[in-house]
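A.B. asks: Before I ask anything, let me first share the structure, which is written out below as structure tokens.
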Amino acid sequence: MDTLHIEATKFTPDILLDPEERLIRLVGKSYPENTFDFYAPVLEWLQNYFEIESSEDTTIELEILYFNSSSSKLFFDLFDIVEDAHNRGHKIEVKWIYDVENESAEEAGEDYKDDFEMLNFHLVEK
């Protein structure tokens, strides 16, 4: 399986999906013009990754500085895929990284953690 790297823009995060390192990382702002088109390759990669890869540990790091409502919905879709993989035995650690001064990012992380309570989900203050 190939690594997928999408470089950050003014409106989209830097995305690194690295199967060798077993690392999924999104860093930056997320308010693309068409959220679902932008993230479609990411969701497809994730589905394939969790179907192909073994249940070895995978780390997911999200450091999203700002995101719009359609990105919020998309992150739910992403966590649905991750939760399904977890339920099938994959060992996954989710790190929601936020700046101490960014209360909305912290609150969003808390909401996702509450909604996906079966996941090994950590809020990480930066």
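A.B. asks: So how many residues does region 60-72 have that are assigned to a helix (DSSP H, G or I) and closer than 19 Å to Glu103 by Cα?
C.D. replies: As a first pass, look at region 60-72 and keep what is assigned to a helix (DSSP H, G or I): 69-72.
Among the residues that remain, those that are also closer than 19 Å to Glu103 by Cα are: 69, 71-72.
Selection size over region 60-72: 3.
A.B. asks: Filter region 106-126 down to the residues that are assigned to a loop (DSSP other than H, G, I, E, B), loosely packed, with under 14 Cβ neighbours inside 10 Å and touching a residue at least 12 places away in the same chain (Cβ under 8 Å) and list them by number.
C.D. replies: Of region 106-126, the ones assigned to a loop (DSSP other than H, G, I, E, B) are 116-119, 126.
Within this subset, residues satisfying the condition of being loosely packed, with under 14 Cβ neighbours inside 10 Å are 117-118, 126.
Of everything in region 106-126, those that are assigned to a loop (DSSP other than H, G, I, E, B), loosely packed, with under 14 Cβ neighbours inside 10 Å and touching a residue at least 12 places away in the same chain (Cβ under 8 Å) turn out to be Met118, Lys126.
A.B. asks: Continuing with the same structure: Answer yes or no as to whether Leu65 is surrounded by fewer than 16 Cβ atoms within 10 Å (Cβ to Cβ), under 22 Å from Lys126 (Cα atoms) and in contact with a Ser or Thr (Cβ under 7 Å, 6 or more places away or on another chain).
C.D. replies: On the way: surrounded by fewer than 16 Cβ atoms within 10 Å (Cβ to Cβ): yes; under 22 Å from Lys126 (Cα atoms): yes; in contact with a Ser or Thr (Cβ under 7 Å, 6 or more places away or on another chain): no.
It is false that Leu65 is surrounded by fewer than 16 Cβ atoms within 10 Å (Cβ to Cβ), under 22 Å from Lys126 (Cα atoms) and in contact with a Ser or Thr (Cβ under 7 Å, 6 or more places away or on another chain).
A.B. asks: Are any of the residues in region 7-28 hydroxyl-bearing (Ser, Thr, Tyr), in a loop (DSSP other than H, G, I, E, B) and surrounded by 14 or more Cβ atoms within 10 Å (Cβ to Cβ)? Spell out the reasoning first.
C.D. replies: In the first step, residues of region 7-28 are kept if they are hydroxyl-bearing (Ser, Thr, Tyr); the result is 9, 12.
Applying the additional criterion that residues be in a loop (DSSP other than H, G, I, E, B) yields 9, 12.
Those still in the list that are surrounded by 14 or more Cβ atoms within 10 Å (Cβ to Cβ) too: 12.
Taking every residue of region 7-28 in turn, at least one turns out to be hydroxyl-bearing (Ser, Thr, Tyr), in a loop (DSSP other than H, G, I, E, B) and surrounded by 14 or more Cβ atoms within 10 Å (Cβ to Cβ).
A.B. asks: Within region 29-50, is even one residue more than 23 Å from Tyr98 (Cβ to Cβ), surrounded by fewer than 17 Cβ atoms within 10 Å (Cβ to Cβ), in contact with a Lys or Arg (Cβ under 9 Å, 6 or more places away or on another chain) and at pLDDT 95 or above?
C.D. replies: yes
A.B. asks: Filter region 45-59 for residues that are under 13 Å from the mean Cα position of the chain (by Cα) and either touching a residue at least 60 places away in the same chain (Cβ under 8 Å) or not in a strand (DSSP E or B) (or both) and give the result. Spell out the reasoning first.
C.D. replies: Taking region 45-59 as the starting set, the residues that turn out to be under 13 Å from the mean Cα position of the chain (by Cα) are 45-47, 58-59.
Trp45, Leu46, Gln47 - these are the residues of region 45-59 that are under 13 Å from the mean Cα position of the chain (by Cα) and either touching a residue at least 60 places away in the same chain (Cβ under 8 Å) or not in a strand (DSSP E or B) (or both).
The values are calculated or read from the model by the stated rules, or taken from the named source; none is laboratory data. Keep in mind that what you see is a predicted model, and the values were worked out from it rather than measured. Cβ atoms come from the backbone with ideal geometry, glycine included; neighbour counts cover every protein chain shown.
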